[in-house]
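Asker: Attaching a single structure in structure tokens format; questions to follow.
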Amino acid sequence: MKSVVSSPSVKTVSAEQVRRVLYVDDMRELRDVARLALSRVGHKVSCACDGKDAFELIQANPRGYDVVITDHHMETMNGLELVMRLREINYGGMIAVVSSELNSDVEVEYRRLGIERILQKPVELTSLRALILES
């Protein structure tokens, strides 16, 4: 495993601010960037390639993640289906959605399900880091 050296402009979070994050996206490159950006500042990051895998991880360990960040468009189980399933099992952590496009009906449904944030892709890494600290 390669060691990542923090740049002086990226501050690590305090022990109390460390969050366990599950980042869900079908694009490997975006998962890798999110993992690097968030772990570089001290968060513990796991990734899943679709909603089905993410739900299985959470179902196996319901208190294992403080934050779930999910893409909307994924083949096996999309972000909306994942959020619905998380609400069915009373997942208590923060849920955020990242997407390049959401129609207004889908956005309304996400809001009805009580997600905390919707971020537009491409997401700036500073916005992603700030989102985690809101949890």
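The values are calculated or read from the model by the stated rules, or taken from the named source; none is laboratory data. The shown structure was predicted, so the numbers you read here are calculated from the model rather than taken from an experiment. Cβ: placed from backbone, ideal geometry, glycine included. Neighbour counts: every protein chain shown. Just so you know, the surface numbers come from the protein's heavy atoms only, side chains and all, with ligands and any DNA or RNA stripped out. Shrake-Rupley method; radii C 1.70, N 1.55, O 1.52, S 1.80 Å.
Asker: Could you check how many residues of the stretch 87-100 are without any contact (Cβ under 8 Å) to a residue 12 or more places away in the chain and either more than 26 Å from Asn61 (Cα to Cα) or crowded, with 18+ Cβ neighbours inside 10 Å (or both)?
Answerer: Residues meeting the conditions: 0.
Asker: Continuing with this model, one more query. Report yes if some residue within the stretch 101-114 is in a loop (DSSP other than H, G, I, E, B), under 14 Å from the mean Cα position of the chain (by Cα) and modelled with pLDDT of 95 or more; otherwise report no.
Answerer: no
Asker: Could you figure out which of (1) farther than 19 Å from Leu30 by Cβ; (2) in contact (Cβ under 8 Å) with a residue 40 or more places away in the chain; (3) open to solvent by less than 10 Å² (accessible area, probe 1.4 Å); (4) of a type in the set (A, V, I, L, M, F, W, C) isn't true of Leu133?
Answerer: It fails just one condition, (3).
Asker: Right, something else. Out of the stretch 9-47, which residues are open to solvent by less than 60 Å² (accessible area, probe 1.4 Å) and assigned to a strand (DSSP E or B)?
Answerer: Val21, Leu22, Tyr23, Val24, Val45, Ser46, Cys47
Asker: Here's another thing I want to ask about it. Residues of the stretch 48-73 being open to solvent by less than 60 Å² (accessible area, probe 1.4 Å), assigned to a helix (DSSP H, G or I) and over 11 Å from Tyr91 (Cβ atoms), which ones?
Answerer: Gly51, Asp53
Asker: Among the residues of the stretch 67-86, write down those that are closer than 24 Å to Asn103 by Cβ, touching a residue at least 40 places away in the same chain (Cβ under 8 Å) and among the hydrophobic types (A, V, I, L, M, F, W, C).
Answerer: Passing the criteria: Val68, Ile69, Met74, Leu82.
Asker: Tell me, which residue of the stretch 67-124 that is in contact with a strand residue (DSSP E or B) (Cβ under 9 Å, 6 or more places away or on another chain) and of a type in the set (Gly, Ala, Ser) is farthest from Val33 (Cα to Cα)?
Answerer: Per the criteria, the residue is Gly114.
Asker: If the Cβ limit is 8 Å and pairs must be 6+ apart or interchain, which residue in the stretch 52-66 that is more than 14 Å from Met84 (Cα to Cα) pairs with which residue that is surrounded by fewer than 18 Cβ atoms within 10 Å (Cβ to Cβ) and of a type in the set (Val, Ile, Thr)?
Answerer: From the stretch 52-66, the pairs are Asp53/Thr76; Pro62/Ile89.
Asker: For Thr76, all conditions in the list (1) open to solvent by 70 Å² or more (accessible area, probe 1.4 Å); (2) β-branched (Val, Ile, Thr); (3) assigned to a strand (DSSP E or B) hold save one; what is the number of the exception?
Answerer: Unmet condition: (3).
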